[in-house]
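The values are calculated or read from the model by the stated rules, or taken from the named source; none is laboratory data. For clarity, every value in this text was computed on a predicted model and none was experimentally measured. Note that we place each Cβ from the backbone using ideal geometry, even for glycine, and neighbour counts take in every protein chain shown. Heavy atoms of the whole protein, side chains included, go into the accessibility calculation; ligands, DNA and RNA do not. Shrake-Rupley method; radii C 1.70, N 1.55, O 1.52, S 1.80 Å.
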Amino acid sequence: MATKKSLTIQDLFSKISKVNITQILVVLLIAAAFLLGVLFTRVQYLEENVSNNSAAAQQPSQQVPEQTGPKEVSVDDDAILGDKNAPITMIEFVDYECPFCKRFFDETLPQIKKEYIDTGKVKLVMRDLPLDFHQNAHKESQAAECAREQGGNTAYFKYHDEIFKRTTSNGTGLALDQLAVIANDLGLSGSILQSCLDSGKYKAEVDKDLADASAYGATGTPSFFIGKSSSSGKFQGTILVGAQPFESFKAALDAELNKK
Amino acid sequence: MPNLLNLLKRPLTQSLIKNKMSKVSYVTAAISLLVHKPLYIILTGVLAVSLFVLYFVLNNFSVFASIAAISLDPYLLWKVFVNQVDMVWEIAGPISVLVVALVSLLAGLNISLVILRTKKTKVFVGRTNIFGFFGIFGGAFGAACSACNTALIGLLGVSGGLAVFPLRGLEFSLLALVLLVFSLYYISKSMFEMGMTK
């Protein structure tokens with residue numbers, strides 16, 4: 001009887017310790033495999049972007065922005081859509097290869113344009129935030145600036161629209177050789193745009209937008225800053241992150257319009 | 001001597017009988033116990049829905065925080081939530097949403113079973129919940145984000161959010177699924193060992 005009891009207890013102890021060790025080992029193994037996967041992906045990702053690291057270096061590595069009320073933001077010297085004297089300014093930090101920016105362009109921007117921009121209540125300022133893991137985004141931003149050089153804000157926004165219509169927005173959704181083709185299709189000079197692009201004339205301009213976005217706490221795209229316009233181009237902007245529904249923009253814009 | 005042999009054989013025989021009961025039947029027995037208790041079905045449903053919402057809100061925290069700073073209108077927040085899920089469905093694919101839903105359901109089931117077991121036996125067996133904890137926690141990282149570069153994974157210092165992962169964050173959800181299935185098995189097994197299921 002004593003033997004049976006001792007055997008059962010011994011068996012129980014060995015069973016418990018066995019289960020515990022197995023459980024712990026499985027958890028550790030899964031965690032280790034996962035961390036190795038993260039590390040591997042990270043290394044791969046860094047290797048892919050090693051040639052394109054000038055902009056990446058200026059981008060923040062941490063994605064969670066500080067959101068502590070309105071911040072002083074600037075329209076800089078970027079392209080404007082709408083009445084320059086509109087009482088409200090909305091800055092969009094855009095990445096042409098971000099599918100959520102494309103979604104905003106496709107679904108929300110037309111409504112904002114119709115109700116707020118075309119009626120003179122709001123002006124939209126387009127600034128660049130090409131994320132480093134979207135390979136072609138930086139060049140596309142530069143190309144839009146090159147288009148603006150040829151035909152002002154009108155050409156810029158036509159070019160902007162055309163990129164979003166043609167790209168599949170997945171990092172390389174639009175082949176870079178198409179940038180000159182778009183210019184030609186819009187009645188601009190493709191060869192001039194290509195030489196502008198090759199010279200890297202607007203690289204610093206796009207990098208400045210990147211640096212400003214980071215300073216404002218905008219790390220994801222699309223990000224918007226909405227506030228009362230000022231003659232200096234600087235204003236207190238409330239951040240709105242993501243391709244939110246039209247109702248979100250309506251709430252933000254109406255709140256600014258109703259402020260005294 | 002034959003008696004001693006019998007004694008030695010007995011635990012081995014019991015162990016063999018237990019092994020014959022398949023791992024799946026532990027789980028089905030535990031679930032069938034739960035589905036006969038309407039209160040626990042409701043609890044599972046409420047937990048699953050709450051976790052689904054929580055996963056999306058957490059992974060799109062900057063999106064929700066920015067609109068909440070402008071308006072706390074519940075209808076607007078609901079519209080934003082629906083919009084986020086719709087966008088993820090469209091851009092990341094239906095599987096991204098469905099896997100998060102499955103993780104939420106399994107997590108709800110795990111929690112309900114732990115509550116049921118603790119209430120019936122008055123014993124809280126912590127060690128069987130370890131997988132569940134990691135599964136529920138891991139599920140939060142898997143919900144696809146609805147803006148580029150804003151996912152919760154950024155907290156781990158991964159620049160690029162879920163976009164840098166080959167499966168766009170589905171890895172997290174699948175890992176959470178595996179952990180929750182393990183957890184469900186261990187909880188169900190402990191319920192069998194405690195005599196709650198047959």
Legend entry - Residue count for region A:221-246, restricted to those that are outside any strand (DSSP E or B) and either farther than 28 Å from B:VAL82 by Cβ or in contact with a Ser or Thr (Cβ under 8 Å, 6 or more places away or on another chain) (or both): 10
Legend entry - Verdict on A:ALA218 being under 15 Å from A:MET126 (Cβ atoms) and part of a loop (DSSP other than H, G, I, E, B): yes
Inset, instruction - Check region A:121-132 and report whether any residue there is assigned to a loop (DSSP other than H, G, I, E, B) and at pLDDT 95 or above. - result: yes
Inset, instruction - Give the number of residues within region A:247-260 that are touching a Lys or Arg at 6+ places or on another chain (Cβ under 9 Å) and either within 9 Å of chain B (Cβ to nearest Cβ) or part of a loop (DSSP other than H, G, I, E, B) (or both). - result: 3
Legend entry - Check on A:GLU140, under 15 Å from the mean Cα position of the chain (by Cα) and either open to solvent by less than 30 Å² (accessible area, probe 1.4 Å) or under 27 Å from A:ALA215 (Cα atoms) (or both): yes
Inset, instruction - Considering (1) within 22 Å of the chain's Cα centre (by Cα); (2) open to solvent by 30 Å² or more (accessible area, probe 1.4 Å); (3) more than 9 Å from every other protein chain (Cβ to nearest Cβ), say which one B:GLY108 fails and leave the rest. - result: (2)
Legend entry - Hits in region A:220-244 - residues which are open to solvent by less than 10 Å² (accessible area, probe 1.4 Å) and within 11 Å of chain B (Cβ to nearest Cβ): A:GLY220, A:THR221, A:PRO222, A:SER223, A:PHE224, A:PHE225, A:ILE226, A:LEU240, A:VAL241, A:GLY242, A:ALA243, A:GLN244
Inset, instruction - Test B:PRO38 against the criterion of being more than 10 Å from every other protein chain (Cβ to nearest Cβ), without any contact (Cβ under 8 Å) to a residue 24 or more places away in the chain, closer than 25 Å to A:ALA251 by Cα and open to solvent by 60 Å² or more (accessible area, probe 1.4 Å), and give yes or no. - result: no
Legend entry - Selected residue [in contact with a helix residue (DSSP H, G or I) (Cβ under 9 Å, 6 or more places away or on another chain) and either basic (Lys, Arg) or in a helix (DSSP H, G or I) (or both)] from A:ASP212, A:ASP207: A:ASP207
